[in-house]
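The values are calculated or read from the model by the stated rules, or taken from the named source; none is laboratory data. Remember, predicted model here, so these are calculated numbers, not experimental data. Positions of Cβ are generated from backbone atoms using ideal geometry, with glycine treated the same way; all protein chains shown enter the neighbour counts. Ligands, DNA and RNA are stripped out before the accessible areas are found, and what is left, the full protein with its side chains, is counted by its heavy atoms. Shrake-Rupley method; radii C 1.70, N 1.55, O 1.52, S 1.80 Å.
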Amino acid sequence: MNKAVDTRHPHAHAGGWVPRDQAHVARWVQRLRQAVTRQPRPLVAPIAGLKALVEQDPVLHLQAQAMFDEAWQHEQSTPLGQIEVRSFDEFLLLLNGIMTTAPEAYQDVKTQEPAGLIGFPINALLNWPMATAAGYDFFANALVNQQLRKILGYWADFLQSPASRYVLTESVSPLDHQTLIVPWLGEVAKEKMVRVAQGALGAGDNPTPDRFEEIFHTVPGEQYEGFASWDDFFTRRFCPGVRPVTAPDDDSVIANACESAPLQVVRGVRRQDAFWLKGQPYSLDNLLDFDPRAAAFEGGTLYQAFLSALSYHRWHSPVSGTVRSVKVVNGSYYLANRHQGFDNPEGPDPSAPNQSQPFLTAVATRALIFIEADNPKIGLMCVVPVGMAEVSSCEVTVQPGQRIAKGEQLGMFHFGGSTHCLLFSPGVELAFDFYGQQPGLEASNLRINTALARVG
């Protein structure tokens with residue numbers, strides 16, 4: 001294996017969505033391949049639909065195989081080693097096997113810490129094909145994305161069912177009935193999640209307790225500690241008092257909307273820009289799905305931050321005010337900026353679409369939550385949770401016209417984590433506080449509800 005990944009891409013695995021060691025991914029794919037070979041099953045309806053769509057369209061059929069062939073040709077240049085999935089047909093069979101599995105937490109034999117695929121097992125199959133020119137064209141296709149949405153919906157039904165809870169307590173993988181896995185509710189995984197929660201930065205002292213059960217809401221003594229499904233565990237809630245709102249009565253303080261790490265702040269955002277370029281500038285019309293209110297934000301400020309795999313995945317309101325509008329925009333699922341693929345002189349993104357987060361704000365599935373802040377110096381602002389790969393189920397839990405207090409829940413990501421933006425109008429003077437660090441893929445989480453910025 002090429003060990004150069006840590007020097008060439010020191011922040012390639014920001015958020016911990018895939019293992020740093022590609023060998024974990026390779027072994028998982030091999031086990032999945034053995035499982036679907038040992039117990040072959042007909043393709044589930046939405047996957048069969050994708051297969052039919054591709055086979056009936058000569059262009060899609062060519063692209064579907066070309067992206068795997070091209071990835072295979074690039075094998076020696078990839079920073080993480082072997083290409084595991086060789087063809088589109090094999091991908092469909094492996095994808096079919098994922099439909100009745102939940103994300104496992106593997107244990108790294110060196111660090112004795114969870115090193116699992118978490119919410120991105122499908123992404124692990126597509127990471128290198130996504131980096132090819134053919135893959136870019138394939139995953140930009142609207143019909144392909146419509147079918148992928150159906151596939152993810154099918155998998156979501158399993159992840160929201162009691163059958164998905166096996167990964168919470170079982171220590172042997174059902175793929176081969178012999179590989180040891182780390183139960184998510186076992187002490188090893190719990191300790192890791194506690195450390196992640198305690199490591200988040202913010203205003204004042206960190207109120208995070210030392211035990212998982214004191215940080216997150218559980219039901220002690222009940223089976224699976226009260227979690228009804230994998231997704232119920234993934235969208236777990238903080239216990240009361242764990243993430244207090246900074247200055248709840250001071251409308252000049254903007255709270256952090258997600259437990260997330262700051263990626264960047266961009267001022268003077270353009271209404272229209274070429275977001276597909278290497279620099280990935282933001283384009284308000286595309287970000288806001290051509291909402292007429294995009295004009296009001298031209299020249300304004302955009303803040304983006306990304307969530308980590310073991311963190312909290314609900315969104316809270318950064319301000320007190322009134323919800324003016326809510327919309328979920330259906331977009332792409334496995335499309336990454338082509339300049340972060342094999343065209344990149346530094347090599348393709350080893351954790352695609354991690355390095356394409358600004359680009360994804362214009363093309364991925366996302367929610368738009370417009371809030372009229374009580375503070376007139378803020379006025380209308382927008383919270384934009386953005387889905388990445390599997391993590392494209394954005395559930396909004398507020399309604400237009402609803403009064404919302406700073407720190408109250410707005411919604412949540414299902415089945416994985418992602419990225420989000422806060423958008424402010426021009427003239428809103430914002431002083432951000434990142435607690436001694438610089439925004440970027442190497443940044444650490446900021447606590448949800450902590451002070452993120454102050455309005456001048």
Scan of segment 191-208 for residues that are under 13 Å from S311 (Cβ atoms) and polar (S, T, N, Q), ordered by number:
Q198, T208
Can you tell me which of (1) out of contact with any strand residue (DSSP E or B) (no Cβ under 6 Å at 6 or more places or on another chain); (2) farther than 28 Å from F432 by Cβ is the one D231 doesn't meet?
(1)
Can you tell which of G387, G331 is surrounded by fewer than 22 Cβ atoms within 10 Å (Cβ to Cβ), at pLDDT below 85, closer than 26 Å to L95 by Cα and not hydrophobic (A, V, I, L, M, F, W, C)?
G331
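Any idea which residue in segment 281-303 is most open to solvent (accessible area, probe 1.4 Å), counting only those that are in a loop (DSSP other than H, G, I, E, B) and either farther than 26 Å from I254 by Cα or at pLDDT 90 or above (or both)?
Keep residues of segment 281-303 that are in a loop (DSSP other than H, G, I, E, B), which gives 281-282, 288-291, 298-300.
Then keep just the ones that are either farther than 26 Å from I254 by Cα or at pLDDT 90 or above (or both); that gives 288-291, 298-300.
Details: L288: 1, D289: 53, F290: 134, D291: 26, E298: 96, G299: 37, G300: 0 Å².
If we take residues in segment 281-303 being in a loop (DSSP other than H, G, I, E, B) and either farther than 26 Å from I254 by Cα or at pLDDT 90 or above (or both), then F290 is most open to solvent (accessible area, probe 1.4 Å).
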Return a yes/no flag: does segment 100-114 have any residue that is among the aromatic types (F, W, Y) and either open to solvent by 40 Å² or more (accessible area, probe 1.4 Å) or at pLDDT below 90 (or both).
yes
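Tell me whether segment 3-11 contains one or more residues that are modelled with pLDDT of 70 or more and open to solvent by 40 Å² or more (accessible area, probe 1.4 Å).
Within segment 3-11, not a single residue is modelled with pLDDT of 70 or more and open to solvent by 40 Å² or more (accessible area, probe 1.4 Å).
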All conditions in (1) modelled with pLDDT under 95; (2) open to solvent by less than 50 Å² (accessible area, probe 1.4 Å) are true of Q264 except (2)
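Can you report the number of residues in segment 245-266 which are of a type outside the set (A, V, I, L, M) and under 24 Å from the mean Cα position of the chain (by Cα)?
Taking segment 245-266 as the starting set, the residues that turn out to be of a type outside the set (A, V, I, L, M) are 246, 248-252, 256, 258-260, 262, 264.
Then keep just the ones that are under 24 Å from the mean Cα position of the chain (by Cα); that gives 256, 258-260, 262, 264.
Qualifying residue count for the region: 6.
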Starting from segment 12-36, keep only residues that are acidic (D, E) and crowded, with 19+ Cβ neighbours inside 10 Å, then list their pairs with residues that are assigned to a loop (DSSP other than H, G, I, E, B) and modelled with pLDDT under 55 whose Cβ atoms are within a distance under 9 Å, requiring at least 6 positions of separation or different chains.
D21/M1; D21/L80; D21/A115
Taking A257, is it hydrophobic (A, V, I, L, M, F, W, C) and assigned to a loop (DSSP other than H, G, I, E, B)?
yes
Can you tell me how many residues within segment 160-214 are of a type in the set (K, R) and assigned to a strand (DSSP E or B)?
0
Residues of segment 43-98 being on the phi < 0 side of the Ramachandran plot, part of a loop (DSSP other than H, G, I, E, B) and either open to solvent by 30 Å² or more (accessible area, probe 1.4 Å) or at pLDDT below 95 (or both), which ones?
L43, D57, H74, T78, P79, L80, Q82, I83, E84, V85, R86, S87
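Does segment 214-221 contain any residue that is at pLDDT below 95, more than 30 Å from L288 (Cα to Cα), more than 19 Å from the chain's Cα centre (by Cα) and open to solvent by 20 Å² or more (accessible area, probe 1.4 Å)? Give the steps one after another, and end with the answer.
Going residue by residue through segment 214-221, those that are at pLDDT below 95 are 220-221.
Going one step further and asking which of them are more than 30 Å from L288 (Cα to Cα), we end up with 220-221.
Subset that is more than 19 Å from the chain's Cα centre (by Cα): 220-221.
Subset that is open to solvent by 20 Å² or more (accessible area, probe 1.4 Å): 220-221.
So far as segment 214-221 goes, yes, one or more of its residues are at pLDDT below 95, more than 30 Å from L288 (Cα to Cα), more than 19 Å from the chain's Cα centre (by Cα) and open to solvent by 20 Å² or more (accessible area, probe 1.4 Å).
Across segment 394-407, which residue is farthest from A102 (Cα to Cα) among those that are in a loop (DSSP other than H, G, I, E, B) and open to solvent by 30 Å² or more (accessible area, probe 1.4 Å)? Full working, then the answer.
Step one: list which residues in segment 394-407 are in a loop (DSSP other than H, G, I, E, B), which gives 397-402, 405-407.
Now narrow it down to the ones that are open to solvent by 30 Å² or more (accessible area, probe 1.4 Å): 397, 399-402, 405.
Values: T397: 25, Q399: 31, P400: 34, G401: 37, Q402: 35, A405: 35 Å.
Taking the candidates together, the pick is G401.
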Just to be sure I understand the filter: pairs with C-beta atoms under 6 Å, separated by 6 or more residues or on different chains, first member in segment 408-431 and closer than 19 Å to F306 by Cβ and open to solvent by 10 Å² or more (accessible area, probe 1.4 Å), second member at pLDDT 90 or above and part of a strand (DSSP E or B). Which pairs pass?
M412/R314; M412/E395
Residues that are touching a helix residue (DSSP H, G or I) at 6+ places or on another chain (Cβ under 8 Å), on the phi < 0 side of the Ramachandran plot and not in a loop (DSSP other than H, G, I, E, B), drawn from segment 217-233:
W230, D231, F233
Out of the residues in segment 408-456 meeting the condition of being among the polar types (S, T, N, Q) and assigned to a loop (DSSP other than H, G, I, E, B), tell me which one is modelled with the lowest pLDDT.
S418
Given the condition closer than 20 Å to F233 by Cα and either part of a strand (DSSP E or B) or modelled with pLDDT of 95 or more (or both), answer yes or no: does some residue in segment 365-382 qualify?
no
Scanning segment 205-235 residue by residue, the ones that are of a type outside the set (F, W, Y), in contact with a Ser or Thr (Cβ under 8 Å, 6 or more places away or on another chain) and in contact (Cβ under 8 Å) with a residue 60 or more places away in the chain total 2
